[in-house]
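To keep things clear, I will list the structure first and then write my remarks on it.
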Amino acid sequence: MERAIKEEKRVFMTGNEVVAWGALAAEADIMYGYPITPQNEVMHYWTRLAPKHGRKFLQTEDELSAGFTTIGGVLAGRRAFTATAGPGNILLQEPVSMAEMMRLPMVMAIMQRGGPSTATVIYSQQEVNLTTSGGNGEALRIVYSTATHQELYDYTIKAFNAAWKYRFPTFILGDGYQAKMREPLVMYNPQDKGVEMAASEPFVGKEGKFGEGREPAHLRNAFSMEEELYEVVMEHIQDYNKITPQIVEYVSLGCEEADLVIVAHGIVSRAAVAAQEKLRREGYRVGFFRPITLRPFPVRALRKVCKSTSKFLVVESAFGQLARLVKEALFGLEAEMDEIFMPGLGITSEKIIGHVKKKSELKV
Amino acid sequence: MSDANVYAVKTLTSKEYFAPGHRACSGCGQAVAVRMVQKALGRNIVMASATGCMEVVSSPFPQSSWEVPWIHVAFENAAAVASGIEAGLKAQRRKGKIDGRKITVVAMAGDGGTADIGLQALSGALERGHDFLYVCYDNEAYMNTGVQRSSATPFGAVTTTSPAGRVNSGQLTWKKNMMRITAAHDIPYAATASPSHPLDLVEKVKKGMETEGPAYLHVLSPCPPGWGIAAEDSIQLARLAVETGIFPLYEIDKGKHRITMNLEKLVPVKQYLKKQGRFRRLSPEMMEEIQERVCKEWQELREKAEQIDPSAGADEALSKEQEGETEAAKIFRVKAGAPV
């Protein structure tokens with residue numbers, strides 16, 4: 001495939017545009033999409049870029065269909081992806097559930113918006129529950145929560161590779177602010193950076209005859225007996241647990257010598273890290289922990305943090321969706337948990353600093 | 001008829017049920033249409049609205065343009081919610097909790113909410129036979145989210161997801177025919193209407209209201225920013241769509257087709273297309289293709305409209321049967337146990 005980005009370059013663009021470019025660099029073959037704010041421009045840019053690079057686009061009649069057409073693309077061996085938000089993410093969960101069970105590497109970019117509602121299209125972090133565990137299975141999926149445009153680019157590429165390497169549906173979890181905001185970043189060709197590009201291959205219509213040099217392609221999403229289903233699910237869970245240490249990513253700053261650790265993900269983590277730095281400068285012993293993969297969650301790393309500091313402040317633009325993951329990770333350990341929950345609203349570093357100074361008995 | 005249309009607004013109630021001050025763009029064809037539809041519907045209605053331009057512009061809380069009971073729920077389910085309201089009202093009436101006066105249940109949605117994501121809910125509601133009126137305001141793309149193509153976008157129109165390039169110039173598929181789809185459900189009434197012909201529009205709304213069972217109204221709604229037209233041209237464009245035969249005004253009343261705005265001669269489609277930014281990249285060949293298709297469809301519609309007496313057709317079929325029975329009919333008779 002012809003390289004979409006010839007040489008490394010510094011650019012200034014919106015997050016939606018970054019996702020389209022990231023998908024191009026990740027050698028995505030086709031995007032399937034349906035209009036929903038704030039991800040529309042992923043489609044707009046893709047429809048303009050794709051023909052120039054021999055890639056394809058298909059608009060469907062809803063997100064249910066966008067998800068299943070993505071599965072169709074994947075079955076044919078194409079690096080296929082879709083992008084959506086809010087109510088569209090809900091409809092997407094059925095195809096994702098099927099992809100989990102059939103181990104199909106579909107890739108999705110989610111630009112979170114406030115909800116449940118149709119008009120609040122600007123920003124939120126309220127799709128964490130849905131994106132990490134929205135299906136009717138065991139949530140065997142990979143979710144990368146990005147914070148900057150550079151990460152949107154990096155993790156879009158990574159999402160395609162992780163999906164095709166491990167064969168689990170993979171999400172890039174952004175939000176409306178990241179989608180619509182402009183920010184500088186460096187675009188590069190992943191191969192030049194030594195990124196190993198996981199190969200894609202067809203699931204159906206494979207070359208050759210089965211029995212003569214290859215196994216038959218036997219794909220199932222219907223099990224007649226619960227015992228049979230149990231075996232398949234358990235096998236997937238074992239695979240998932242085995243690869244978890246290779247996938248898990250997080251950022252941990254100054255957690256070793258801290259009286260309080262601020263936990264945040266996505267764009268809110270930028271406010272949190274700024275707050276942590278400022279508080280540190282002022283003499284407060286504050287640490288910062290950010291899960292980059294929300295699924296699988298960096299359980300081991302967070303439990304390690306808890307052994308040195310057992311006080312946490314969870315900050316998120318949702319009502320306890322990240323906190324749920326944190327509590328689950330820390331189950332059985334003794335920990336105190338404070339919170340700043342602001343569903344659908346942006347959170348500034350000043351807000352966090354004020355909260356820490358007012359609420360905690362931490363001394364300078 | 002067309003002269004009378006100029007004065008049609010005067011025949012309507014002066015009461016506004018779709019209040020001014022909403023946030024529609026200037027020249028919004030849909031806002032004009034909604035205002036007239038609401039005037040025809042009157043006060044005794046309950047409305048369910050799908051997500052779309054009209055929902056966004058008419059209900060920025062705490063303001064509302066709706067002087068009638070109106071609810072917005074989500075994108076795909078206007079017909080489902082209307083079904084629920086209708087069934088609920090029926091139950092209330094049966095229990096004697098509300099009086100017997102007629103309350104019209106209305107569903108409204110755009111072309112995306114009707115022909116794409118809402119088609120399943122609409123089909124279900126039509127099949128179940130709920131007594132309601134469904135109004136589709138067709139602006140021929142997803143205007144609310146930034147002009148993406150829908151299945152109601154006409155051939156050749158440029159949208160953000162069907163851009164014009166070196167190879168393609170806009171939408172590559174033909175507009176989905178919602179009239180044929182809804183009529184195929186054998187509903188008692190389906191009609192097209194345009195804000196350029198208010199008298200006709202109002203008459204159809206009233207007919208739809210009086211119809212027992214589901215009624216479907218497809219209203220063309222020119223969109224200045226989406227179509228690339230001047231705000232003051234939108235009603236003129238709606239009129240041209242009718243006069244070119246691109247959007248013929250007709251109704252299907254209990255299976256009978258009737259053209260309500262007859263055209264002696266079709267205006268060339270070029271006059272309609274060249275006025276719009278979205279068709280700027282149309283090649284002469286594509287223009288030709290559109291003209292041919294419009295003529296063909298107009299002819300088909302006229303043929304359907306002329307077959308007014310269905311029994312005439314039946315006689316013809318009967319004589320054919322006497323001449324030589326078809327294979328299928330023979331098999332059927334054998335299976336039914338009739339003498340061969």
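The values are calculated or read from the model by the stated rules, or taken from the named source; none is laboratory data. What you see is a predicted model, and the numbers here were worked out from it, not measured in a lab. Cβ coordinates were reconstructed from backbone atoms using ideal geometry, including for glycine residues, and neighbour counts include every protein chain displayed.
To keep it simple, each residue is scored yes or no on (1) in the same structural domain as A:THR132 (by TED's automatic domain parsing); (2) touching a Gly at 6+ places or on another chain (Cβ under 7 Å); (3) under 18 Å from A:ARG285 (Cβ atoms); (4) surrounded by fewer than 17 Cβ atoms within 10 Å (Cβ to Cβ).
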site	(1), (2), (3), (4)
A:PHE312	no, no, yes, no
A:VAL315	no, no, yes, no
A:ALA318	no, no, no, no
A:LYS327	no, no, no, yes
A:GLY332	no, no, no, yes
A:ALA335	no, no, yes, no
A:ILE340	no, no, no, no
A:ILE347	no, no, no, no
task = Go through (1) more than 15 Å from the chain's Cα centre (by Cα); (2) within 14 Å of chain A (Cβ to nearest Cβ) and name the single condition B:LYS176 misses.
result = (1)
query = Across region B:141-170, what is the total count of residues that are more than 7 Å from chain A (Cβ to nearest Cβ) and closer than 16 Å to B:ALA115 by Cα?
reply = 9
message = Condition first: part of a loop (DSSP other than H, G, I, E, B) and touching a residue at least 60 places away in the same chain (Cβ under 8 Å). Now tell me which residues in region A:184-210 satisfy that.
response = A:TYR188, A:ASN189, A:MET197, A:SER200, A:GLU201, A:PRO202, A:PHE203, A:VAL204, A:GLY205
inquiry  = Being within 14 Å of A:SER252 (Cα to Cα), touching a Lys or Arg at 6+ places or on another chain (Cβ under 7 Å) and hydrophobic (A, V, I, L, M, F, W, C): is that true of A:ALA264 here?
reply    = yes
key: Residue in region B:42-62 that is nearest to the other protein chains (Cβ to nearest Cβ), counting only those that are on the phi < 0 side of the Ramachandran plot and in contact with a Lys or Arg (Cβ under 9 Å, 6 or more places away or on another chain)   = B:VAL56
ask   = Out of all the residues in region B:111-152, which are hydroxyl-bearing (Ser, Thr, Tyr) and either assigned to a loop (DSSP other than H, G, I, E, B) or buried (at least 22 other Cβ atoms within 10 Å of the Cβ) (or both)?
value = B:THR114, B:TYR134, B:TYR137, B:TYR142, B:THR145, B:SER150, B:SER151
note = Residue set A:ILE110, A:ILE36; condition more than 9 Å from chain B (Cβ to nearest Cβ) and either surrounded by fewer than 24 Cβ atoms within 10 Å (Cβ to Cβ) or in contact with a helix residue (DSSP H, G or I) (Cβ under 9 Å, 6 or more places away or on another chain) (or both); output residue A:ILE110
ask   = So which of A:THR293, A:THR309 ends up being of a type in the set (Ser, Thr, Tyr) and under 24 Å from the mean Cα position of the chain (by Cα)?
value = A:THR293
task = Confirm whether B:VAL73 is of a type outside the set (D, E, K, R), surrounded by fewer than 19 Cβ atoms within 10 Å (Cβ to Cβ), within 14 Å of chain A (Cβ to nearest Cβ) and in contact (Cβ under 8 Å) with a residue 24 or more places away in the chain.
result = yes
inquiry  = Being closer than 18 Å to A:VAL42 by Cα, touching a residue at least 24 places away in the same chain (Cβ under 8 Å) and part of a helix (DSSP H, G or I) is the requirement here; does A:GLN178 meet it?
reply    = yes
remark   = Note on A:ALA50: of the conditions (1) within 13 Å of chain B (Cβ to nearest Cβ); (2) outside any helix (DSSP H, G or I), unmet is (2)
message = Take the conditions surrounded by fewer than 24 Cβ atoms within 10 Å (Cβ to Cβ), among the β-branched types (Val, Ile, Thr) and assigned to a loop (DSSP other than H, G, I, E, B) and apply them to B:ILE98. Does it pass?
response = yes
